[in-house]
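Asker: Before I ask anything, here is the structure I am working with.
Every number here is computed from the coordinates shown, using simple stated rules; none is lab data. Predicted model only: the values in this text are computed from it and were never measured. Heads up, the Cβs are rebuilt from the backbone with ideal geometry, glycines too, and the neighbour counts pull from every protein chain shown.
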Amino acid sequence: MTAVPSDAQVVVIGAGIVGNSLVYQLALHGWKDIVLLDKGPLPNPGGSTGHASNFIFLVDHSKEMADLTADSVRQYEELGVFTRSGGIEVARTPERVEELKRRMASSISWGIESELLSPNR
C-alpha cells in the first residue's frame, strides 16, 4: 500500500467510473496535486468500484454518462486493468422490452456496438 499524503489540492474518493474519469480530466487540464483513494488496488479494490471496473454497460440514457463511461473504459484499458467481455440484460416484461429498445436507439445513435436479441436467437 502506498502512503497517503498529508495534504493535496484535490482528493477524490472512489476509483470507479466517475472518480477515475474526474481525476483523469483534472490531470489533462494541468492539475498536479491529486489523490485518488479506494479500498484496495485496481481492478478489484472492493465495494462498488469493483463492479464498475469489471462490468461496465456503455449505454445510458444520458449521453454525458455514456461518454463518461466510455472515457473510463479507455483509461482502464490504458492501465491494463480492463477486459472487454460484453454483457446481457434480460427483459421479463413488455415495459422492460420497451426500455431496452430505447437504450438500443441510444446505443446506435452514439456508435456503441450492441445488439437486441429475441428469445429465438
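Asker: Please report, in whole Å³, the volume per residue of the convex hull around the C-alpha atoms of region 54-121.
Answerer: 90
Asker: To continue, here is another question. Considering only the other residues whose Cβ falls under 13 Å of the Cβ of Tyr24, what net charge follows from Lys and Arg at +1 and Asp and Glu at -1?
Answerer: Result for the neighbourhood of Tyr24: -3.
Asker: Between Thr93 and Glu113, what is the FRET efficiency for a Förster distance of 22 Å, r being their Cβ-Cβ separation, to the nearest 0.05?
Answerer: Calculated value: 0.30.
Asker: Between Asp67 and Met104, what FRET efficiency comes out of the Förster formula 1/(1 + (r/R0)^6) with R0 = 25 Å and r the beta carbon distance, rounded to 0.05?
Answerer: 0.90
Asker: Multiply the residue separation of Asp7 and Glu78 by 0.36 nm, subtract the distance between their alpha-carbon atoms, and state the gained length in nm to one decimal.
Answerer: Net length gain for the segment: 22.8 nm.
Asker: Here is a further query. Write down the Kirkwood hydrodynamic radius of the chain, to one decimal in angstroms, obtained as one divided by the mean of 1/r over all alpha carbon pairs.
Answerer: 16.2
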